1. In nm, to one decimal, how far is the modelled label at B:GLN49 from the one at A:ASP88, with both set 7 Å along Cα→Cβ?
2. Over the protein assembly as shown, what percent of the accessible surface lies on carbon and sulfur atoms, probe 1.4 Å?
3. With a cut-off of 8 Å between alpha carbons and a minimum separation of six or more residues, what is the relative contact order of chain B in percent?
4. Starting from 0.36 nm per residue, how many nanometres of slack lie between A:TRP166 and A:ALA270 once their C-alpha separation is accounted for?
5. Simple spin-label model, 7 Å along Cα-to-Cβ: B:VAL127 to B:ASP140 in nm?
6. So which residues in the range B:22-37 end up with at least 30 square angstrom less accessible surface once the other protein chains are there, compared with the chain by itself, probe 1.4 angstrom?
7. Could you give the distance between the Cα centres of the range A:1-57 and the range A:119-150, to the whole Å?
8. What's the magnitude of the charge dipole for the range A:17-147 around its Cα centre, counting Lys and Arg as +1 and Asp and Glu as -1 at the beta-carbon? Answer in Debye, nearest 20.
Amino acid sequence: MIHGLASTLAEKIIARASGRGQVRPGETLVCRVDLAMIHDSGGPRRVAPKLAQIGAQVWDAERVVVVSDHFTPAADAESARILKLTRDWVRETGAAHFYDMQGICHVVLPEHGHLWPGMFAAGGDSHSTTGGAFGCFMAGYGATDMAGVLASGEVWITTPETLQLWIGGALAPGVSAKDLMLHLCASLGTDHNGQVIEYAGPALAEMSISERMVLTNMAAELGADTALIAPDARTMAALRATGREPPEALRGTDAQIFARWRSDADAPAARAEVDAGALAPQVAAPHSPANSDAVGACAGAAIHQAYIGACVGAKLDDLHMAAAVLRGRRVARDCRLLIAPASARTTSQAAADGTLATLTQAGAILLPSGCGACAGLGAGLLADGEICISTTNRNFRGRMGSPNAEVYLASPYTVAASAVAGCIADPRPLLAERGVARPVAGAA
Amino acid sequence: MRVSGRAWVFGDSIDTDVLMPGAYMKLPAAERARHCLESIAPDFAASVQRGDVVVGGANFGMGSSREQAAEALLTLGVGAVLARSFARIFQRNCLNLGLPALVCEDAGEIVQSAQLEVDVAEGWVRVQGGARWPCRPLPDFLVRMVQSGGLIPHLQQAQRARNVAQENA
């Protein structure tokens, strides 16, 4: 590095984006944005009036990605109006990349090769942290911030301190990245404002891209500014397979990218460790992801609904986990299992490999792709007194329908096992009956 | 920039779904705001007065990026938000909308309905006839941004300057 001082991955990305040789935690500075993502809820309907107020146009239409995922498909006239407004805005501004009802933004962005190591991206959604799984510094912002980004191509940030989280050991069968994140919400707490979490370690190296996205997605629940995972061969294979090229300034061979976008070994950072091998399936009780404990603590608790959905919990790997439990079994009579695949591509891949048939034969009801019930918007909301176990990332009071409903959070394995049992259940006995050791596919 | 009003005291980890439930996202701003904090403080939206100060514990505003959470407080007339700590996006949203949001490590000392005075630029809060506690000062440019009404007026000024520069070029 310039000055010969060690930097973390986050500091290297922010230094490039801010045109500095080096940056230090706590420095507030202005960064150039490589990519801006907005969605139908916080996007055009809220930023267009603000851009008009400023008197500015979109700074660079090629760098703007718009995803309609919150109000999709329109369930009422107002949702339809919002979706139409979004389409009209894309046409008028010439925003270059538009995904209309193709799935949830955090899954659609990497599916289509928009995120690359070293990028500084701004996302108009709190789970934009997901982009960190691709070595991209992507934090979440509100609508006024995004209007500022769209007008100027710039945003101010305070350089976060890096918390390097070493994930040792290996996840046991029936235990997933989701369980790890629920455990971390309880053990590390949800107040990591001012920190960027950089995951590393042997358990991480073994994880599929989909599982890594769970770690960066739920950094939002840890309250971190965002999260990062340094790119490796698996990252680059997934990105190269999208057929899209990185931004010109960030191109290079895999080896060049690995050398450029990693933390220096002696960079100052906070450090923490977790042993993945010691972990049992976790469940977060209402109304906070921090209320997590091993599944045994609430096993047997009654449920009315099991929900497999959201950016964090309905990717192809997640559907494979559910299918591993549900194959040849039936959803309990007094329980409903709703599944909203995270993207249109997820649905088509799950149809092609037989996963959807396994799920529907078990009695699962398929819902459209989108934020859906997780954001309190789509199908699958809860009535007063109803209890749901869900693969989503937040169980705040009132988020999924009635403020008098209760939501438990868990992995796709545990949600599927609970749907079969009709109450909260440990998935490991069901998986062991099948001799399923590690049923999760390795693909992104 | 000073704000005076009564304190509305809340606990730790008040999340954005409590501040502004997703189910009301399609309503106009004024109607939406009536549901602000309803699941934990049903009388808040109807009783809060212009200039009142919302006082939170740790991690106030955790959760979603939805700006409507901050906007609802502003719409109801809240003059400032103090907390032991904030969720990053929520604090940015407040400041961007011109609503002062200051970290006050002693926020836990403030009692419900206390009459407060807050100085945003100097960074302190005082209870009428009583104690005064420091708040973490905002960087100067953020104080100016909040004083000018938030990020949009701030960018308007920058855009006007750019337009003038272009005309003169």
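The values are calculated or read from the model by the stated rules, or taken from the named source; none is laboratory data. Just so it is clear, the model here is predicted, and its values are computed rather than measured. Neighbour counts run over all protein chains shown; Cβ positions are idealised from the backbone, glycine included. Only protein heavy atoms, including side chains, enter the accessible area calculation; ligands, DNA and RNA are left aside. Shrake-Rupley method; radii C 1.70, N 1.55, O 1.52, S 1.80 Å.
1. 4.3
2. On the way: 10790 of 21170 Å².
About 51 percent, which is the carbon plus sulfur part of the accessible surface.
3. Numbers: 361 pairs, mean separation 38.9, N = 169.
Averaging sequence separation for qualifying contacts and normalising by length gives 23 percent for chain B.
4. Answer, rounded to one decimal: 36.3 nm.
5. Here the answer is 3.5 nm between the modelled labels.
6. Listed by number, the residues meeting the 30 Å² cut-off are B:GLY22, B:MET25, B:LYS26.
7. 8
8. Details: 11 positive and 14 negative charges, 64 e Å.
The calculation lands at about 300 debye.
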